[in-house]
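For reference, the structure is listed below as structure tokens.
None of the figures in this text is laboratory data; all of them are computed from the coordinates on show. Since the model is a prediction, treat every value here as computed from it, not as a measurement. Note that we place each Cβ from the backbone using ideal geometry, even for glycine, and neighbour counts take in every protein chain shown.
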Amino acid sequence: QVQLVESGGGLVQAGGSLRLSCAYSEPTVSSYAMGWFRQAPGKEREFVAAITWSGAHTFYADSVKGRFTISRDNAKNTVYLQMNSLNPSEDTAVYYCARSNTIATMTSGLVGSWGKGTLVTVSS
């Protein structure tokens, strides 16, 4: 079973930045698409961003487009989510790392592995 471990969450002021990391346990995960979801209190989990195995293609939810950047370093078995211009009401959530076969399956919610999540709190 592939293990995904998120880190980098914390408390940040509105307008600030934060970078999340997701370390994955086995090198073969590099052949999959990786992504990020988030779940705010009282809301359903929602897709945030995804990246292909090569890193050549990315896809974002409209709510984060232009503010968040997903990237990956397969040599380090790590996926990143750079988050800028953070907004308290919109971006405060638990962020989950995910693995899926493709970006299309990722955005459809067909996720093979989940991390346990890291909490991001944006203060106003």
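Points worth noting:
- Cα-based shape type of region 20-66, given that a ≥ b ≥ c are square roots of the gyration tensor eigenvalues and the cut on a/c is 1.5: oblate
- Partner lysines whose Cα lies under 21 Å from the Cα of Lys116, excluding those fewer than 8 positions away in the same chain, are identified as Lys43, Lys76.
- Cα gyration tensor shape of region 1-81, rounded if a/c is under 1.5, else prolate or oblate by comparing a/b with b/c: prolate
- Excluding exposed DSSP-loop trypsin sites (Lys or Arg not before Pro) (at most 16 other C-beta within 10 Å), longest clean stretch of the chain: 1-42
- 19 Å reach of a label modelled at Ser25, 7 Å along Cα-to-Cβ, counting backbone N of region 103-120: 111-118
- Each other residue within a Cβ distance under 13 Å of Gly35 adds +1 if Lys or Arg and -1 if Asp or Glu, for a net charge of +2.
- In plain terms, the chain from Glu46 to Thr69 could stretch by 6.6 nm, reckoned as 0.36 nm per residue minus the Cα-Cα distance.
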